[in-house]
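This report concerns only the one structure given below.
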Amino acid sequence: MKLRSVRGTHDLYGSELKKYNIIREKVAKYASLYSFSEMKTPIFEFTELFSKPLGEYSDVVLKEMYTFKDRNEDLLTLRPEYTTPMIRAAITNNLLNDLPLKVYGIGQMFRRERPQKGRYRQFNQINFEVFGADDPIVDLELITLGNDILKSIITNHKFELHINCLGKKNNLVKYKLELEKYFENNKIKLSEESRKKIYSNPLRILDSKEKNDIEISNNAPLIQEYISKETMNHYEEVKSGLEAYNISFVENNKLVRGLDYYCGTVFEFKTKDLGAQDTILGGGRYDGLINILGGPDISGIGWAAGVERISMLMEENFVSPPYIHLAITDKKFKNHLQKVIKYLKENQIIFYWNYKYNLKKSLSKANLNKANYVIIIGENEYKKNNFQIKKMNTGEQKEINIENIKSFINDES
Ligand code: HAM
């Protein structure tokens, strides 16, 4: 048997894992700033938790879930998303007595999609939810939180917020019927994939990327015509809040989201830097979902972002704090080296030594590892009881005493 990993999965190590950990830290920081508490749920749940609320017709349920029978014939599914498990956990642990409940989590999700850049079968999501709060200020808070987190990690800020309002469930039902009629009349011009969705999920045709579908969708009836005044006012408040916070956004009336449970405000942060998988973060209101799952009739809103997609947009230099590579020319100077190691540890300065007594090999390893500094210990340094420190990006080299290492690095960076 040829040893290989399962298609659409990947191992995390080296700089990718560093990025993942930095993302986790940033998320935890913003979560506590916005007073969300962490929640972890199991990786698998009973299949029925997902099958109904995610929409019997949506792609995730029909094609993408990893479902298997347990030995006792229970049908179980590896979670394809976090919202429904978090609601389940809030209900079964009686957490909905004290509202609003603000929870977040980071974890692995599983969808059997066709793998491509930014799309995997096992991936990680950051997920934030607020249960039991109707005020538009909550929509605003969640969008702002997403914006803050992304801005703190994707330092070139090359992403764009898209928002839309889908209306309440009853408005949506009427709208879907109108869309159905419209697409039925234009059936011949639609792509084969979209034709299949006319009666099951006509909303999804609106976000098709096929050229012909886009042309047809451009003249489709608009959701705004079916939305109640109350919902529209809510949406207007969200928009003026964004303006007040100086968060620019695009109103995109074709933004429908992939899962079936949305109504009211929906939003996505998109980028042009990832190719086809251009959504970094997506979410919205899902009033009614908690009730469908057996909880009280309260509202919910949240978002999820793909860790892998965020990681691909992170700048490389963001990942590594300045670190020092040690290079020693001969075993004879080992004691001298140990003094440096002790100093670096005590001062919590990141360093690496490849356990080799060979200047050339150490320097090439330092280059490979993109070290910021190299400390060189040779005969001269041993005799003078000092060190050479080399700044790798300029090549500049200086003789310094051990106790000056920290201030040297601080002055330089
Ligand atoms: P979603 O749009 O299905 O929403 O996924 C959210 C994000 O997860 C996407 O924007 C993307 O960054 C990432 N993602 C999704 N599928 C993959 C994949 N196969 N590979 C890599 N990344 C992926 C939800 O899951 C909703 N539960 C979000 C939500 C929370 N709505 C309300 N609360």
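The values are calculated or read from the model by the stated rules, or taken from the named source; none is laboratory data. These numbers come from a predicted model, not from an experiment. Glycine also receives a Cβ, built like all others from the backbone with ideal geometry; neighbour counts cover every protein chain displayed. These area figures cover heavy atoms from the full protein model, side chains too; ligands, DNA and RNA do not enter into them. Shrake-Rupley method; radii C 1.70, N 1.55, O 1.52, S 1.80 Å.
Using a 10 Å Cβ count of at most 13 others and DSSP loop calls, identify the longest part of the chain lacking such chymotrypsin sites (Phe, Trp or Tyr not before Pro).
That gives 14-198 as the longest site-free run.
Computing the accessible area with a 1.4 Å probe over protein heavy atoms, can you report the carbon and sulfur percentage for the stretch 143-254?
Of the solvent-accessible surface of the stretch 143-254, carbon and sulfur hold 48 percent.
Using the charge dipole of the chain (Lys, Arg: +1 at Cβ; Asp, Glu: -1 at Cβ; taken about the Cα centre), state which of Asn385, Phe408, Asn291 has its Cα farthest towards the positive end.
Selected residue: Asn385.
Would you work out which of Asn372, Gln397, Leu326 lies farthest towards the positive end of the dipole of the stretch 323-412, given +1 charges on the beta-carbon of Lys and Arg and -1 on that of Asp and Glu, about the Cα centre?
Positive-end residue among those listed: Leu326.
Roughly speaking, to the nearest percent, how much of the stretch 323-412's 1.4 Å accessible area is carbon and sulfur?
45 percent
Hey, can you find the accessible area per residue of the chain for me, probe 1.4 Å, expressed in square angstrom?
On a per-residue basis, 52 Å².
Going through the DSSP H helices of the chain, which span 27 Å or more along their own axis at the Cα atoms while scoring at least -1.0 as a mean Kyte-Doolittle hydropathy?
Span-like helices here: 14-33.
What FRET efficiency do you get for Leu222 and Lys331 if R0 is 56 Å and r is their Cβ-Cβ distance, rounded to the nearest 0.05?
With R0 = 56 Å, the Cβ-Cβ based efficiency is 0.15.
Quick check on my link table: of Lys63/Lys168; Lys151/Lys345; Lys2/Lys365; Lys331/Lys370; Lys356/Lys383; Lys270/Lys370, which ones sit more than 23 Å apart, alpha carbon to alpha carbon?
Long pairs (Cα-Cα over 23 Å): Lys63/Lys168; Lys151/Lys345; Lys2/Lys365; Lys331/Lys370; Lys270/Lys370.
Determine, from the Cβ-Cβ distance of Leu75 and Lys229 and an R0 of 35 Å, the FRET efficiency 1/(1 + (r/R0)^6), rounded to the nearest 0.05.
Taking R0 as 35 Å, the efficiency between Leu75 and Lys229 is 0.20.
Is the shape of the stretch 138-196 best called rounded, prolate or oblate, per the rule: a/c under 1.5 gives rounded, else a/b larger than b/c gives prolate, else oblate, with a ≥ b ≥ c the square roots of the Cα gyration tensor eigenvalues?
Details: a/c = 5.14, a/b = 1.93, b/c = 2.66.
Verdict is oblate for the stretch 138-196.
Tell me the net charge near Gln388. Cut-off is 14 Å between Cβ atoms, Gln388 excluded, with +1 for each Lys or Arg and -1 for each Asp or Glu.
Charge balance near Gln388 sits at +1.
Let a ≥ b ≥ c be the square roots of the eigenvalues of the Cα gyration tensor of the stretch 1-159; is it rounded (a/c under 1.5), or, if not, prolate (a/b larger than b/c) or oblate?
It comes out oblate by the Cα gyration axes.
Need one number: convex hull volume per residue for the stretch 197-288, Cα atoms only, in Å³.
Hull volume over Cα atoms, normalised by residue count, gives 127 Å³.
How far, in nm, would the chain grow between Ser364 and Thr394 when pulled straight, counting 0.36 nm per residue and subtracting the alpha carbon separation?
Here the segment from Ser364 to Thr394 would lengthen by 9.2 nm.
Which whole number in µm²/s is D for the stretch 323-412 by Stokes-Einstein, with the Kirkwood Rh taken over Cα pairs at 25 °C and 0.890 mPa s?
191 µm²/s
Accessible surface of Val6 in the full protein assembly, 1.4 angstrom probe, to the nearest 10 Å²?
100 Å²
Please report the projected area of the chain's Cα convex hull averaged over all directions, in nm². Write down the numbers at each step before the final one.
Working: hull surface 107.4 nm².
Average of the hull's projected areas for the chain equals 26.8 nm².
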